[in-house]
Every structure is written in C-alpha cells, then in structure tokens.
Amino acid sequence: NDRVSSLDIGDKFTLDLGAVVKGIACDVVQDDLKKQNEVSGAVIAVGGSILLYGSKADGSDWNVAVQNPRGQDGEAMGVLSLSGTTNVSTSGDDEKYFMQNGKRYHHILDPSTGYPAESSLISVTVVSDNGLLSDGLSTACFVLGKEKGERLLETYGAEGVFIDQNKKVTVTKGLKDKFTILNEEYTE
C-alpha cells in the first residue's frame, strides 16, 4: 500500500497526517466502490469520519447521529438526514482529553500557540463531497472558531454544525432543513 499516515521529511522532521488520514481513507473506499460498480449504497465509518455512499435500498435519507460532546459515549445530541454520496467528519474536545483543576486539556492544538485550541467550540461536524476536506475542515474550524470556521466552509462549499461550550448549536444554511436537535440541553 502506497498510502501512509506519516512521512519522514529530512532527518529531523516528520509530517503527521493523523488529522486527515480518516478522511483520506473514506476517499479511498469511495474510489474503490465506484470502480467496482457493484454496491448501490453503503455506510463506512472510520473513526470520526463517515462516508455515505450511494443510496439506501428504500430510497430514504441516511441518518447520521452527531454525538453529544458532553454526554456518554454513543449518546446523540442531534441527527443529520442526508441523501446521496457525501462525507461527514466531526472534531471535538470530547475524545482525547484530560481534566486538571477543572480545565479540559484536549488533543486539538492551536498551531499558533502549541496548546489546546480555545475557540469556545466543543464540537464541529462538517459535511462535504470529499473525505479529506471534511476531516481537515472539521479540525480547522474547531481551531478557528465559529465565525472564521463558517467563512472557511463557504470557501470550500462545505456545510457544518458548530456546538459551543454553552451548548448552543449553529447550523450552516445548507444543513438547516437536514439537522434536528434531539437533546433538550442544546439550543439553536
């Protein structure tokens, strides 16, 4: 396999593709499914990235849960209803973190400080035609914050669901009719 998750670049540097490798994996699977031309619909989950491929047998929308970033594992705070082939990726501070003196230290670092990003967001879900883009954009938007993140999504023709630390949910225009909050702790 010629696809790798990290690349050595010189004696002292390694480029880690971990932030987008799940999205890349979804793109590889999508390409393979297209080439086979035997599968009419599939859901492929690779960590926080999901490929929705083709259509369901009954023609109904795919339903993708958006995890409650302050709930138990697997608990949904909302659901996206999507049709056709698309990619969904989520980045949040709820997967890899530790608490110290009441503060959450998570794994998504702000490159300008080297510390965990403090954008007031706790989760960002991005919907895009491309897995690499959805994965990379969800992380970038988490670091940038809601306003800059929304502008970034517009630039790439992607849509998103932003959840802030006050459990306020912001949904971009293209997902307004496709997202439903399921948990009453969250508001739009």
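Observations on the structure shown:
- Accessible area (Å², 1.4 Å probe, nearest 10) - Lys167: 50 Å²
- Of the residues Glu150, Glu184, Glu95, Glu118, the one with the largest accessible area comes first in the ranking Glu184, Glu118, Glu95, Glu150, computed with a 1.4 Å probe on protein heavy atoms.
- Entries in Lys146/Lys178; Lys34/Lys56; Lys56/Lys167; Lys146/Lys176; Lys22/Lys178; Lys56/Lys178 that, when Cα-Cα distance is taken, lie over 22 Å: Lys56/Lys167; Lys22/Lys178
- For segment 24-76: rounded, prolate or oblate by the Cα gyration tensor [a/c cutoff 1.5]: oblate
- Segment Asn183-Ser55, extension gain: residue separation times 0.36 nm, minus the distance between their alpha carbons: 43.3 nm
- Solvent-accessible area of Leu152 with every protein chain in place, 1.4 Å probe, in Å² to the nearest 10: 40 Å²
- In the context of the full protein assembly, Lys176 retains an accessible surface of approximately 100 Å², using a probe radius of 1.4 Å and ignoring ligands and nucleic acids.
- Of Thr155, Thr170, Thr180, the residue with the largest accessible area leads and the full order is Thr155, Thr180, Thr170 (1.4 Å probe).
The values are calculated or read from the model by the stated rules, or taken from the named source; none is laboratory data. Computed from a prediction, not measured in an experiment: that's the story for all the values here. Ligands, DNA and RNA are excluded from the accessible area calculation, which covers all protein heavy atoms including side chains. Shrake-Rupley method; radii C 1.70, N 1.55, O 1.52, S 1.80 Å.
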